[in-house]
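Beneath this line is the structure, given in structure tokens, with notes to follow.
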Amino acid sequence: MKLEETRVCILRVGGTNCDIETREAFQKSGAKAEIVHFNQLVKQQSLLDFNVLVIPGGFSYGDYVRAGAIWAKMLIAKLGNDIKRFVEEERPILGICNGFQVLVEAGLLPLFDGISPFPEAALGTNIPTGYNCRWVYLKHINHGSCIFTHKIPQNLVVRIPVAHSEGRFMFGNGKEEKCLEKLLENDQLVFRYCNPSGKFASGEYPTNPNGAFFDIAGICDPSGKILGLMPHPERSFFNWQRPDWTGEGSLCVHSDGKLIFDSVVEYLGRRT
């Protein structure tokens, strides 16, 4: 299969957003991407017809109960077997913002010991509370396992915006250190919040915009084929999306989020 024949599925339900921007980012990076409503995938199409699954940002089903919880349960209930095969065959899965919340609620991240029937982590209400929409700095700390970031040098600081009310990554009380040790051992840590010079936020607001444990902004599964992150790389694809673009010259220059899409598309090219 040629790269241009690979198919990226960007799922949509009531309340999702940035699906069009995400499709544009994949297409500009060289992949064929389609926006597919969840009901259409359940009734008319097969998830296994696609090479990549993307769960975009937004507020799926109003984020009732907990952010991403309803869609996560529907995903496993109606597409559980296909999702299991997707994971077993190591087809890439990307969860952005609400998509990250869905992956955690569905037991697809951190995926320490296979798909879990219960969430192994949580994305809780921001501290300080409230909707937080701002540009943040992230340090890429993955050692090479994550296929979504292999074009980003280790320790590089990138700038990508967040927009969420429930982005505080955390583990259960008393389990933090043990789970962090697993993330480190498996090379599952991908992005941590930092300042422009790369110094970690140490939980301090607004450098860490939500109070996330260990300043965690994004993690992958042990295989590196599933990535969840709270910031929106599709909102940081073109240079003109940056808040300071007028002082940085040509509109043709791309922004930092493009590196994530280029990385997975390059991986698909090698795999095909």
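FYI, it's all coordinate maths here, none of it is from the lab. Only a predicted model underlies this, so the values are computations on that prediction, with no experimental measurement involved. Neighbour counts are summed over all protein chains in view; Cβ atoms, including those assigned to glycine, are modelled from backbone coordinates with ideal geometry.
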- Per-residue Cβ neighbour rank within 10 angstrom, fewest leading, Met74, Met230: Met74, Met230
- Item | Charge dipole (the chain, unit charges on Cβ, about Cα centre) - positive-most of Ser202, Ala121, Leu53 | Leu53
- Task: Taking the Cα atoms of the stretch 1-141, report the difference between the largest and smallest coordinate on each principal axis, in whole Å and largest first.
- Result: 48, 33, 33
- Message: Quick check on my link table: of Lys2/Lys139; Lys28/Lys151; Lys84/Lys182, which ones sit more than 25 Å apart, alpha carbon to alpha carbon?
- Response: Lys2/Lys139
- First select every other residue whose beta carbon is under 15 angstrom from the beta carbon of Leu259; then total the charges, Lys and Arg +1, Asp and Glu -1. +3
- Note on the structure: Candidate span helices, the chain: DSSP H, at least 15 Å along axis from Cα coords, Kyte-Doolittle average at least -1.0, result 69-88, 258-271
- Message: Considering all projection directions equally, how large on average is the shadow of the alpha-carbon convex hull of the stretch 3-271, in square nanometres?
- Response: 13.3
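Relative to the present Cα-Cα distance, how much length would full extension add between Val157 and Ile127 at 0.36 nm per residue of separation?
Separation in residues times 0.36 nm, less the Cα-Cα distance, equals 8.5 nm.
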